[in-house]
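The values are calculated or read from the model by the stated rules, or taken from the named source; none is laboratory data. Computed from a predicted structure; not experimentally measured. Every residue, glycine among them, receives a Cβ derived from its backbone with ideal geometry; neighbour counts consider all protein chains shown.
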Amino acid sequence: MRKPTLIILVALACLVTHHNLAAAQKSELKFKVPAGWVEEERTSTMRVAQYRLPKVAADAEDASLVLYYFGLGQGGSTTANIDRWINQMKQADGSAAKGAKDEQRVGNGLKVTMVDVSGTYVAETAPGSGSFFNKPAYRLRAAVVETPNGSYFVKLVGPEKTVAQWNDSFVNYIKSFEFK
């Protein structure tokens, strides 16, 4: 092969790669919001969506679900996020949460890692605030959704019975994710 032909082939390969990368960066996560979820105004630009999931009669509070996106290569690894979420739940005596379940699946070409853990919710009320929740009988469902543009993070937290009521719609929400 002559040098000019090789240079043209390399240039074409770079152009195709650049075009594919540009197309991927214009793509975004698409999803279906389940019936009954109440959309709320996003309180941060890092929040793609924010919902209130109405409480069941036995609970005093609603649950909340937030979908976060921090950018390509941002937000930490899947393992770091799963571990952090599990550590936001404690047993009544303050010891580490027990029985955390995680699950990996692939849906619509996206790798998803989910976690399900119950206990006392002890996350910071706001990052860096030094103030912490103390919400017993809570449940946290969360997921990391890996896309070509980086990971999206989903966090559902609320009273156990309310989260149980919305669990199927949470799973269906995650299953609806598509990257287009």
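Residues in segment 88-124 that are in contact (Cβ under 8 Å) with a residue 40 or more places away in the chain and touching a strand residue (DSSP E or B) at 6+ places or on another chain (Cβ under 8 Å): Q88, M89, A92, N108, G109, L110, V112, M114, S118. Within this structure, T113 fails the test of being modelled with pLDDT of 95 or more, more than 27 Å from G71 (Cβ to Cβ) and among the polar types (S, T, N, Q). Here V106, V144 are screened, and the one residue that is in contact with a Ser or Thr (Cβ under 8 Å, 6 or more places away or on another chain) and β-branched (V, I, T) is V144.
Do you know which residues across segment 158-180 are crowded, with 22+ Cβ neighbours inside 10 Å and closer than 14 Å to E61 by Cβ? G158, P159, T162, V163, W166, listed by residue number. Figure legend. Inter-residue proximity from segment 40-52: first residues within 14 Å of F70 (Cα to Cα) and assigned by TED's automatic domain parsing to the domain that holds G76, second residues modelled with pLDDT under 95 and not hydrophobic (A, V, I, L, M, F, W, C), beta-carbon distance below 8 Å, spacing 6+ or different chains. Indicated pairs: V48/R42; A49/R42. Which residues, counting only those in segment 84-107, are part of a helix (DSSP H, G or I) and either of a type in the set (D, E, K, R) or at positive phi (or both)? The answer is R84, and nothing else.
Among the residues of segment 155-177, the ones that are β-branched (V, I, T), within 15 Å of the chain's Cα centre (by Cα) and either in a helix (DSSP H, G or I) or not assigned by TED's automatic domain parsing to the domain that holds A58 (or both) come to 2 in all.
Evaluate the following for D102: is it touching a helix residue (DSSP H, G or I) at 6+ places or on another chain (Cβ under 8 Å), of a type in the set (D, E) and modelled with pLDDT under 95?
yes
The set of residues in segment 32-56 that are in a loop (DSSP other than H, G, I, E, B), modelled with pLDDT of 95 or more and not charged (D, E, K, R) comprises V33, P34, A35, G36, W37, P54, V56.
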